[in-house]
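Encoded as structure tokens, the structure appears first; notes follow it.
The values are calculated or read from the model by the stated rules, or taken from the named source; none is laboratory data. All of these numbers come straight from a predicted model, not from anything done at the bench. Heads up, the Cβs are rebuilt from the backbone with ideal geometry, glycines too, and the neighbour counts pull from every protein chain shown. Areas reflect the complete protein model, heavy atoms only, side chains present, ligands, DNA and RNA absent. Shrake-Rupley method; radii C 1.70, N 1.55, O 1.52, S 1.80 Å.
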Amino acid sequence: MLQMRIFKALMSSYVDDSLIPGERVVKRARLSLMVYAGSGTWLLLFIADLVYVIMAGGLLGWYECLIPLFFFASDVISTMIRVRSTELAVTNKRVLAKTGFISCSTVELSLTALESVLLTQGVLGRILNYGDLAFKGTGNVTVPISYVSHPLEFKREVMAVSDAAKNRAS
């Protein structure tokens, strides 16, 4: 019974569980694959170390290659958990953001309280279509989410839904 509740808690979507009556998800966003860039660095270091050990006279020091391999594996696992446990969505009533796995942080920002959506993209972000979004609400609340995939498309959808909500409210 306890195992089933833990499994359900781990596999359920925060956004879907938080919807109120009459609310529907308009758009979801996910993190870009660029969050794995650090893992790629460890993988390159492992390969370089392995090539060096082989070129230096065999596999006598092969165990030295395990250090970057360990960091690569742990970085991939932690990044996979980060990607899987981050949710970002806009509904017809609010913007929902959830980060974290064991301890989680959630923000629910009403569309009528949303003042602006800030998008930051570097050159690589523009080429590979990822960026950082920050949602600024009334009361000096800012919700930053890094490495969002297709951020301009998500920002455009948030602003359209927000304008429609504000027009309905007035």
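A few points about this structure:
- Taken together, K93, K98 contain a single residue that is under 26 Å from S162 (Cα atoms), crowded, with 16+ Cβ neighbours inside 10 Å and in contact with a Gly (Cβ under 9 Å, 6 or more places away or on another chain), which is K93.
- Tallying residues that are within 19 Å of the chain's Cα centre (by Cα) and closer than 17 Å to V107 by Cα within the range 136-153 yields 7.
- Some residue of the range 84-99 being part of a helix (DSSP H, G or I) and either more than 17 Å from L33 (Cα to Cα) or among the β-branched types (V, I, T) (or both): no
- Residues within the range 112-145 that are surrounded by fewer than 17 Cβ atoms within 10 Å (Cβ to Cβ) and either under 19 Å from R82 (Cα atoms) or modelled with pLDDT of 90 or more (or both), tallied: 13
- The condition of being at pLDDT below 85, closer than 26 Å to D16 by Cα and more than 15 Å from the chain's Cα centre (by Cα) holds for only one of I102, I54, I67, that being I102.
- Enumeration of residues in the range 111-123 that are free of Cβ contacts under 8 Å to residues at least 40 places away in the same chain and within 21 Å of the chain's Cα centre (by Cα): S116, L118, L119, T120, Q121, G122, V123
- Of all residues in the range 152-170, those satisfying the criterion of being open to solvent by 80 Å² or more (accessible area, probe 1.4 Å) and within 27 Å of G122 (Cα to Cα) are L152, E153, R156.
- Condition check for E87: charged (D, E, K, R), closer than 21 Å to S162 by Cβ and open to solvent by 90 Å² or more (accessible area, probe 1.4 Å): no
- Some residue of the range 19-31 being in a helix (DSSP H, G or I) and either surrounded by fewer than 16 Cβ atoms within 10 Å (Cβ to Cβ) or in contact with a helix residue (DSSP H, G or I) (Cβ under 6 Å, 6 or more places away or on another chain) (or both): no
- Of the residues in the range 70-78, not one is in a strand (DSSP E or B), open to solvent by 30 Å² or more (accessible area, probe 1.4 Å) and in contact (Cβ under 8 Å) with a residue 40 or more places away in the chain.
- Cβ-Cβ distances below 9 Å connect the following pairs, each with a first residue in the range 16-42 that is under 21 Å from T99 (Cβ atoms), a second residue that is loosely packed, with under 14 Cβ neighbours inside 10 Å and hydrophobic (A, V, I, L, M, F, W, C), and a separation of six or more residues or different chains: V26/A160; M34/L124; Y36/M80.
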